[in-house]
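The values are calculated or read from the model by the stated rules, or taken from the named source; none is laboratory data. Here the structure is a predicted model, which is why all the values come from computation and not from measurement. Here the Cβ positions follow ideal geometry from the backbone for every residue, glycine too, while neighbour counts run over all protein chains shown. We work out accessible area using only protein heavy atoms, side chains counted, and drop any ligands, DNA or RNA first. Shrake-Rupley method; radii C 1.70, N 1.55, O 1.52, S 1.80 Å.
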Amino acid sequence: MTVLGVLPVLAPPPGIDILGLLPEVILAGGFIVLMMLDLVTAPAQRGWLAVVSVVAVAGAFGATVWCWFDAATPRTVYFGAFAYDRFGLFINAIILVSTALVLMITPQYLNRRGLHYGEYYALILGAATGMMLLAGAGSLMVIFLAIELLSIALYILSGFNRTEPRSQEAAMKYLLLGGFASGFLLFGMALIYGETGHTQLTLIAAAITNGGGTVDPLLMAGIALLFVGLAFKISAAPFHTWTPDVYQGAPTSVTTFMSVTTKVAAFAALIRVFSYTFGEPLIYDRWKIIVYFVAIASMVVGNVAALRQTSLKRVLGYSGIAQGGYILIGVVVLTPAATWGSLYYLASYAVANIGAFAVITVMANRGEDLDSYASLRGLAFRRPYVAAAMGLFLLSLGGFPPTAGFFAKFFVFAAAIGAHELPLALWGIGTSAVSVFYYLRVGLLMYTRPQPDEPSYNWSRTSLSGGGVLALTAAGTLVMGIFVTLVLNIAVSAQNGIVLHG
Amino acid sequence: MTGIIWVAGGLAALSALGVVFSPQPLYSALSLVLSIGALAVIFLVLNAQFLFVVQLIVYAGAVMVLFVFIIALLSPDREERFRVDARFAIGVTFAVGVTVAMLLAARNGITFNGNGFRAQQIGQASDPYHGFAFDQSDNGLVNTAGNVQSVGGQLFTTFLLPFEITSMLLLVSAIGAVYLTRRRRDPNAPVRRERALAREPQLEEDRIEVEVR
């Protein structure tokens, strides 16, 4: 073999484009470096692993920002398997910021629980890599594998507290139900592949357009099954049963992480697949019915069930189900306004929900989490700033101005009304009114003075990193509620930049 | 060729029945090996050499070794005797029904002519998407290049990224398995020893204590 014959091997073949995966590659590299560092780190020094992982996340975030300017003209890389576009990068940014915030509150919480092991950080980075891959997935195979990557890491993280039966129960429940959901997902993908002959989303969209005119029942079955699989990950209503138990049982720092990032990543895939791949009117008319009712069911079930809870984590779990219902409105409605509305909603939900769970995590003492309503009573008199921040997050989740949540709901409902889907918007507004009850109940408890003889919960002191996370999320909630266009412009440009063809 | 398919198919069906009806778990497992092997022969006859090899290595090899190993490890004393009752009748009806339904559904997909079995585009009659069709003639692309080459080519082009993600997935799973099953010897994170001992009576220390007493 001549030298010239070998040379083409050195140059990457067309289609392989590592640049399009830069943030994911950096994060995956951080994951491997962390596993090796864990071997040489003394147990008492494990806080440094958190620092290293935050650095890796920051590196990936920097790469994401750079790619944002580079991806002005979107394209797919790796033979259509991955979309390099601003839509995916916007979701990446949300995931990375959330991950960094979670990593900052983690070491202290793990130390209090006697769980400070290096695997935690590696698994968090692994899950985040899976989520970023899901956000940019351009092929059914990548969607499936990314979902498995993030799910398996989260199963382990939910059961991270191995001596605590609740944590074990959470991991087991999540694993079994998640396995079922993966089965649905894979079966749906197989049917779609069988009907269209492709796994790449752009080619599937083209095949559907070419085959227009008739709707094959097998294709519709595949789409429905795919939706079931994804609806499980966003914990939409008939598929939500695992959510409260897992949120309550898992270590709170893990709950903080997965309640936000999983939902954000799965919604990105949902929007990319349903709104932009199955958008063909004949197909849309059919799957719209399913998504429509799942959205309404999520809003009703989430909000009504949250009213009857007595555990703060479960309230936030059910509130997350309801929030998923509101974001689903943005999937049902196909207009661009609905898509950037959902993106804005995801960003605002991430900030407020991370903040609310961070309060539980940061205030947790050595014994138990800040979970019961009784433990909240009088928080405002001992930790006034924490209580004020918590109140702000609850207002944002409830959708009050001048917080991020108000504009998020406003954009989504306005998009629904603009597309002549008034009933959806009315369901959303009605159930939001219900949600005010339980958000305000939690808020009022914090400002209720406890009885003098009542034993109060022993709240922890806020550390520098914990206080920093609360300050950052509170600031984010306010900034997104006051300087709306700041994030809105980015969301709109993310929607514009979504890759549609090859 | 057709004769081989009939023989191998019959063998697969018979040994599948053996899996269900044999009184000993070990015989069930060995019948399963035979069933898998017979299916592998069918794959080979249908020109799917890659599936043939994978079927043998992964299922007949790795998976079955695990089955047999676990059966040997648990050493079940006796299988509950086989009884024909209402549950049995329901099960048989269900299984036969599913089989018939599958055959009816597949009548579009697999044709049988004088020369042999041919898989064709599924649901051709009603399928509006004619964007793809496998060239299945003996001179078709898949068969001339060879199955293994085709799979390899696809694996390192269209499915390169999924292939790479799989490696990360395996790494995460391995870390999780090690974390969840490893015993802690970490001074910084004290596992409550009394509780751990009470829960795991097979621990070394426990056994010694019992023997001393």
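Among the residues of the stretch A:443-482, those identified as open to solvent by 90 Å² or more (accessible area, probe 1.4 Å) and over 15 Å from residue A:351 (Cα atoms) are A:444, A:447, A:449, A:451, A:452, A:453, A:455, A:458, A:461, A:464. Take residue A:496 and decide whether it is without any contact (Cβ under 8 Å) to a residue 12 or more places away in the chain, within 23 Å of the chain's Cα centre (by Cα) and open to solvent by 20 Å² or more (accessible area, probe 1.4 Å). For residue A:496, the condition - without any contact (Cβ under 8 Å) to a residue 12 or more places away in the chain, within 23 Å of the chain's Cα centre (by Cα) and open to solvent by 20 Å² or more (accessible area, probe 1.4 Å) - is not met. Tally the residues that are surrounded by fewer than 20 Cβ atoms within 10 Å (Cβ to Cβ) and either at pLDDT below 85 or facing chain B (nearest Cβ under 8 Å) (or both), restricting the search to the stretch A:190-206. So the answer is 3. Taking the condition within 27 Å of residue A:317 (Cα to Cα), at pLDDT 90 or above and within 14 Å of chain B (Cβ to nearest Cβ), does residue A:236 pass? No.
All of (1) within 14 Å of chain B (Cβ to nearest Cβ); (2) at pLDDT 95 or above hold for residue A:220 with one exception: (2).
Right, residue A:110: hydrophobic (A, V, I, L, M, F, W, C), surrounded by 21 or more Cβ atoms within 10 Å (Cβ to Cβ) and closer than 25 Å to residue A:470 by Cβ or not? Criteria met by residue A:110.
The single residue among A:164, A:148, A:169 that is of a type in the set (Asp, Glu), facing chain B (nearest Cβ under 8 Å) and open to solvent by 20 Å² or more (accessible area, probe 1.4 Å) turns out to be A:148. When residue A:123 is tested against the conditions (1) in a helix (DSSP H, G or I); (2) surrounded by fewer than 23 Cβ atoms within 10 Å (Cβ to Cβ); (3) within 11 Å of chain B (Cβ to nearest Cβ), the lone failure is (2). All of A:163, A:129 fail the test of being of a type in the set (Ser, Thr, Tyr) and assigned to a helix (DSSP H, G or I), apart from A:129.
Checked against the criterion of being assigned to a helix (DSSP H, G or I), closer than 15 Å to residue A:320 by Cα and out of contact with any strand residue (DSSP E or B) (no Cβ under 6 Å at 6 or more places or on another chain), the candidates A:221, A:207, A:266 yield just one match: A:266. Looking only at the stretch A:132-145, count how many residues are assigned to a helix (DSSP H, G or I), touching a residue at least 24 places away in the same chain (Cβ under 8 Å) and at the interface with chain B (Cβ under 9 Å from one of its Cβ atoms). So the answer is 4. Every listed requirement among (1) within 12 Å of another protein chain (Cβ to nearest Cβ); (2) free of Cβ contacts under 8 Å to residues at least 24 places away in the same chain; (3) open to solvent by 40 Å² or more (accessible area, probe 1.4 Å) is met by residue A:176 save one, (1).
Looking at A:334, A:282, which one is open to solvent by 10 Å² or more (accessible area, probe 1.4 Å), in a helix (DSSP H, G or I), more than 22 Å from residue A:399 (Cβ to Cβ) and in contact (Cβ under 8 Å) with a residue 40 or more places away in the chain? Checking each option against the conditions leaves just A:282.
Condition check: among the polar types (S, T, N, Q), more than 20 Å from the chain's Cα centre (by Cα) and within 11 Å of chain B (Cβ to nearest Cβ). Does residue A:108 satisfy that? Criteria not met by residue A:108.
If the condition is being away from chain B (no Cβ under 14 Å), open to solvent by less than 20 Å² (accessible area, probe 1.4 Å) and of a type in the set (A, V, I, L, M), then the stretch A:31-80 contributes A:50, A:56, A:57, A:60, A:63, A:71.
Within the stretch B:151-184, work out how many residues are more than 8 Å from chain A (Cβ to nearest Cβ) and under 17 Å from residue A:27 (Cα atoms). Adding up the residues that qualify gives 3.
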